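The values are calculated or read from the model by the stated rules, or taken from the named source; none is laboratory data. Here the structure is a predicted model, which is why all the values come from computation and not from measurement. Positions of Cβ are backbone-derived with ideal geometry, glycine not excepted, and every protein chain shown enters the neighbour counts. The protein model used for the area step is the full one, side chains on, heavy atoms only, and it has no ligands, DNA or RNA in it. Shrake-Rupley method; radii C 1.70, N 1.55, O 1.52, S 1.80 Å.
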Amino acid sequence: MTNRINIGNSAFLLPAPQVILGTILDGKPNFMAMAWVTQANYEPCVMAMAVNQGHASHRAIMETGRYSINIPSVDLVAKTDYAGLVSGNRTDKSALFDVHYGELKDVPLIRECPLALELRLVQHVALSHDTLFLGEVAAAWTEERFLTDGRVDVEKVRPFTLTMPDNRYWAVGEQVGRAWHEGKALKK
Ligand SMILES: Cc1cc2nc3c(=O)[nH]c(=O)nc-3n(C[C@H](O)[C@H](O)[C@H](O)COP(=O)(O)O)c2cc1C
């Protein structure tokens, strides 16, 4: 039998999807690197994400109730990282990306990102440092070249992930199976 060791309550390594949060801060677009994000409801589609209460993006969401979640491809690693190194509280990040607007009219969507979601805030829960925001997706924007048979194709989008606490970015690797399928052989 192998020995299981306890590594504490925060030093774990799970790849998280690396995205860019877009908001309107004092009338201008602002962008922030974000990895604590996941889908939280199927229909309507609700996304959950955690944002530190000191971030400019936090204030922007509380003031506007609107934001975007943009999925960058690997060629945007440097710009994504930069958006996580400097704060809109001190640095103007409004010109970092080419922006377009969608259904909600006032949510900055990043044109360079293969996929961009615009969201309305529906609920929030304040924790000790971060706030868990729940937002309903109003629309999702992409381009024909990122689709296969009408669906977003991960090989064309080329998203990347973050692992902590080693703080490294990873491209998505090879396909290892099909979901809701590979386990069928084990069913009695
Ligand atoms: C790779 C990476 C991932 C990050 N993920 C998050 C996150 O999920 N939540 C969060 O609150 N801050 C996260 N940050 C930190 C913010 O992006 C960073 O503090 C940023 O400067 C805040 O910008 P703002 O003050 O303009 O909102 C992350 C930073 C990096 C580099």
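Okay, here's what the table says:
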item	result
Filtered residue count, the range 5-21, keeping only those that are open to solvent by 30 Å² or more (accessible area, probe 1.4 Å) and at pLDDT 95 or above	1
The range 71-105, residues that are hydrophobic (A, V, I, L, M, F, W, C), within 15 Å of the chain's Cα centre (by Cα) and surrounded by fewer than 17 Cβ atoms within 10 Å (Cβ to Cβ)	Val74, Val77
Matching residues, the range 41-98, being in a helix (DSSP H, G or I) and within 10 Å of the ligand (Cβ to nearest atom)	Ala56, Ser57, His58, Arg59, Ala60, Ile61, Val77, Thr80, Asp81, Tyr82, Ala83
Count of the range 45-70 residues which are closer than 19 Å to Ala139 by Cβ, open to solvent by 30 Å² or more (accessible area, probe 1.4 Å) and of a type in the set (A, V, I, L, M, F, W, C)	1
Counted residues, the range 124-148 - those being within 20 Å of Lys105 (Cα to Cα), part of a strand (DSSP E or B), out of contact with any Lys or Arg (no Cβ under 7 Å at 6 or more places or on another chain) and open to solvent by 40 Å² or more (accessible area, probe 1.4 Å)	2
Exclusive hit being surrounded by 11 or more Cβ atoms within 10 Å (Cβ to Cβ), part of a strand (DSSP E or B) and touching a helix residue (DSSP H, G or I) at 6+ places or on another chain (Cβ under 8 Å), set Leu121, Leu162	Leu121
Tally, over the range 84-118, of residues that are in contact with a helix residue (DSSP H, G or I) (Cβ under 9 Å, 6 or more places away or on another chain) and not hydrophobic (A, V, I, L, M, F, W, C)	8
Within the range 22-44, considering residues that are more than 18 Å from His129 (Cβ to Cβ) and open to solvent by less than 40 Å² (accessible area, probe 1.4 Å), the one farthest from the chain's Cα centre (by Cα)	Leu25
Test: residue in the range 162-173 that is closer than 20 Å to Val46 by Cβ, in contact with a Ser or Thr (Cβ under 6 Å, 6 or more places away or on another chain) and touching a residue at least 24 places away in the same chain (Cβ under 8 Å)	no
Members of the range 165-188 that are open to solvent by 100 Å² or more (accessible area, probe 1.4 Å) and either touching an Asp or Glu at 6+ places or on another chain (Cβ under 8 Å) or not aliphatic (A, V, I, L, M) (or both)	Asn167, Arg168, Trp170, Glu174, Gln175, Arg178, Trp180, Glu182, Lys184, Lys187, Lys188
